[in-house]
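These notes concern the structure reproduced below.
Please treat every number below as a calculation from the coordinates, not as lab data. The structure displayed is predicted, hence computed values, not measured ones. A quick note on method: Cβ atoms are made from the backbone with ideal geometry, for glycine too, and the neighbour counts reach across all protein chains shown.
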Amino acid sequence: MKHPKIPVARSIIALCEAKEIQHVVISPGSRNAPLTNGFAYHPNIKTYSVVDERCAAFVAIGMAQQLRKPVAVVCTSGSALLNYYPAIAEAFYSDIPLVVISADRPIERIDIGDGQTIRQRNVFENHILYSANLHSEVVLENVASDKKLQQKQFESRKHNEREINLALNKAIEGKGPVHINVPFYEPLYDMVEDVNVTPLQILPEIIERSYSQPQLQAYVDLWNKAKRKMVIVGLSQPNAMEQQFLDLLAEDESVVFFTETTSNVHHPKFFTRIDTMIGPIEKDENREELFEALQPDILLTFGGMIVSKKIKAFLRNYQPKQHWHVDPKKAYNTFFCLNKHFETSVDSFLSNFLPLTRKISSTYHPFWEETRSKRKLRHDEYMDKIPYSDLKAMQQIVPKMPENHIVHLANSSTIRYAQLFKWKESLNIYCNRGTSGIDGSISTSVGAAIVSKEPVLMITGDLSFFYDSNALWNNYLPKNFRIIILNNRGGGIFRILPGDKNSETFDTYFETVHDLNAKPICDLYGFEYAAANSSEEIEEHLNAFFDTSEKPKVLEIFTPRKVNEEVLLEYFNYIKS
């Protein structure tokens, strides 16, 4: 087996293997050659070449989401590293273990005019769990004859091994991004055979906190007295919570349980479409009375970021007396009224908490269950009558999804349209909601498709697709990968948001109107391509879209730019009755 000649590179690779990092996404460069060659020659590590560093980091995020293990990215020195920042921020806020390994120039070469050289140490300090700044190691043949140099090398090696361990452990323990910055002296490409690599290894520690009955009793007492309890689950990995505990909450008529498309939890009594419940109340003449009827005494939240702006606005204006969040790592004060952070897993909390609670008689769930039934009828009526639009296209896509697929949703309009529909329970649904940016949506789905056993569908708007189209520039895409593009020829979400749609700047600087289509990109990267310009054409193409093929596929759906806004805004007026 071949190893890089530079010892610190060998240590990084050996410790990555020891901590079960089995996938490494590499972007080309020279300074990172010791790492590139070392990982590429390693029999137990799978490597991928992705040229664009921004895409590479999001590809790694998509892999890490599916594998639920750290995935590493490797790049050369200079501005290459900075292209990782959008994905690092996403990983930071979405709790994804991303290991960034950057090659660097030795410290004395910084700020003297060398090419591809920037200040890389601690460059991500605002959005990183740990920054390991390693020491350069000079490979000298006769070090044994110089005791001082020998001692210096020994100290540098131990420093490096400790820092690598701490960084990798933090990614595992804290479920987030870490940065290992390693400066290399030349020569960079030398390899050696059969070196015994045994770096210091510090094992990660994952400590699960648990709450006893005395610690919970005060909260149990509040819960048992409250006749209006609301539970909201934000973004969550599939199967992240035991169904038995969710079922117990669902059977309590004093509990209204809201989920989002990205929550990946299911029960017939859960309210799966938050905006469909909240949006019509905003339009109702009795809105204050209805909002007060919905206002909970206790709000219990699980999971990550919440998509719905409507539930955020409602709970900020009609705050519960108690808001408790359950998560082993962090709790955001999303509704400005957080009282308690239970620093444990949802399953651990519920397994200790629910046996102490009792169900109480309440009209809370029955009233809103009746309201939901009325909303569903009006939703179906409205969908039958609306003209061809983004919303109509989404209505056609959702029921056509085959079972047991992974679905990735782009941000802006796409995720918000998706929130208005009930999706099949066998689907695992993801969206980059850590920072809610359009950058990296396609790349993340590509990463998922590369490592997933299940087929992956990406649903995206046109701007998100074109912005991240370098995601398709790799040799690893499976034949069953699918992309649906809703092309409304611009940033359609800006037509939905408040603002002057007739201003001189709107078309150019907000909606960014264009006449692009995806066919040239599909031709370039070897995708099958189809286009739809009507409901009939969508139906025709969807009938065969998920069939087995020799190439991945793109279906581009063109919708009328100025109709979408009217159709969506009228939706909430219509279903309130």
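In percent, rounded to a whole number, the relative contact order of segment 285-338 is 39, using alpha-carbon pairs under 8 Å and six or more apart.
Charge tally for residue 307 (other residues, Cβ to Cβ under 13 Å; Lys, Arg +1; Asp, Glu -1): +4.
The gain in end-to-end length when the residue 203 to residue 112 segment is fully stretched comes to 28.8 nm, 0.36 nm per residue minus the alpha carbon separation.
Shown in residue order for segment 485-499 are the 3J(HN,Hα) couplings computed by the Karplus curve 6.51 cos²θ - 1.76 cosθ + 1.60 at θ = phi - 60°: 10, 8, 9, 9, 6, x, x, x, 5, 6, 6, 7, 6, x, x Hz (x for Gly and Pro). Kirkwood radius for segment 386-575, taken over all pairs of different Cα atoms as the inverse mean of 1/r, rounds to 16.9 Å. Beta bridges from DSSP with both residues in the chain: antiparallel share about 5 percent, rounded to the nearest 5. Each label was represented as a point 7 Å from its Cα along the Cα-to-Cβ direction; for residue 400 and residue 146 these points are 6.9 nm apart.
Pairs spanning more than 30 Å between alpha-carbon atoms, out of 312/340; 175/312; 69/321: 69/321. Rounded to the nearest 20 debye, the dipole magnitude of the chain is 1080 debye, with +1 charges on Lys and Arg beta carbons, -1 on Asp and Glu beta carbons, and the Cα centre as origin. Measuring nothing but how far apart in sequence close Cα pairs (under 8 Å, 6+ apart) lie, relative to its length, segment 454-534 scores a relative contact order of 29 percent. Remark: segment 2-187 carries a charge dipole of roughly 360 debye about the Cα centre, counting +1 on each Lys and Arg Cβ and -1 on each Asp and Glu Cβ. From least to most packed, judged by other beta carbons within 10 angstrom and beginning with the fewest, 423, 223 follow the order 423, 223.
In order along segment 507-518, phi translates into HN-Hα couplings of 4, 7, 9, 10, 6, 6, 4, 8, 10, 7, 9, 8 Hz, rounded to whole numbers, per the Karplus curve 6.51 cos²θ - 1.76 cosθ + 1.60 with θ = phi - 60° and x for Gly and Pro.
Coupling constants for segment 430-440 follow from the phi torsions by the Karplus curve (6.51 cos²θ - 1.76 cosθ + 1.60, θ = phi - 60°), and in residue order they are 10, 7, 6, 9, x, 10, 6, x, 7, 6, x Hz; glycine and proline get x.
One decimal place: the segment residue 422-residue 536 gains 38.8 nm when fully extended, by the rule 0.36 nm per residue minus the C-alpha distance.
Among the chymotrypsin sites (Phe, Trp or Tyr not before Pro) within segment 295-340, those in coil by DSSP and having at most 16 neighbouring Cβ atoms inside 10 Å are 318, 332, 336. For segment 386-575, the number of Lys pairs with C-alpha atoms closer than 15 Å, counting only pairs eight or more positions apart or on separate chains, is 11.
You can think of it this way: the chain between residue 47 and residue 158 has 37.2 nm of extra reach, that is 0.36 nm per residue less the Cα-Cα gap.
When the chain is described by a simple charge dipole with +1 on each Lys and Arg Cβ and -1 on each Asp and Glu Cβ, the residue from 102, 301, 56 located farthest towards its positive end is 301. Modelled label positions at residue 343 and residue 317, each set 7 Å beyond Cα in the direction of Cβ, lie 3.6 nm from each other. Between the Cα long axis of helix 441-451 and the first principal axis of the chain there is an angle of about 70°, rounded to the nearest 10. For residue 158, a cut-off of 22 angstrom between C-alpha atoms picks up these lysines, skipping any fewer than 8 places away in its own chain: 5, 19, 147, 148, 170.
Peptides 413-421, 206-214, ordered by how many other C-beta atoms sit within 10 Å of their residues on average, highest first, read 413-421, 206-214. Plainly put, segment 289-401 has a radius of gyration that is 1.05 times its Kirkwood radius, both from alpha-carbon atoms, as the Rg/Rh ratio. Ranked by how many other Cβ atoms sit within 10 Å of their own Cβ, fewest first, the residues 179, 266 fall in the order 266, 179. Each peptide in 511-519, 459-467 was scored by the mean count of other Cβ atoms within 10 Å over its residues; highest first, the order is 459-467, 511-519. About its Cα centre, the dipole of segment 116-258 is roughly 700 debye, where the only charges are +1 on Lys and Arg Cβ and -1 on Asp and Glu Cβ.
With all pairs of different C-alpha atoms in the average, the Kirkwood value for the hydrodynamic radius of segment 213-370 is 15.8 Å. Highest average first, the peptides 435-443, 535-543 ordered by how many other beta carbon atoms sit within 10 Å of their residues are 435-443, 535-543. The tail of the calculated P(r) for the chain, taken as Cα-Cα distances beyond 42 Å, holds 29 percent of the pairs.
Between residue 570 and residue 266, the FRET efficiency estimated from the beta carbon spacing at R0 = 25 angstrom works out to 0.25.
Summary value for segment 511-560: 45 percent relative contact order, contacts being C-alpha pairs under 8 angstrom separated by 6+ residues.
The simple spin-label model puts a point 7 Å past each Cα toward its Cβ; for residue 242 and residue 548 those points are separated by 4.1 nm.
The alpha carbon convex hull volume per residue for segment 2-187 rounds to 108 Å³.
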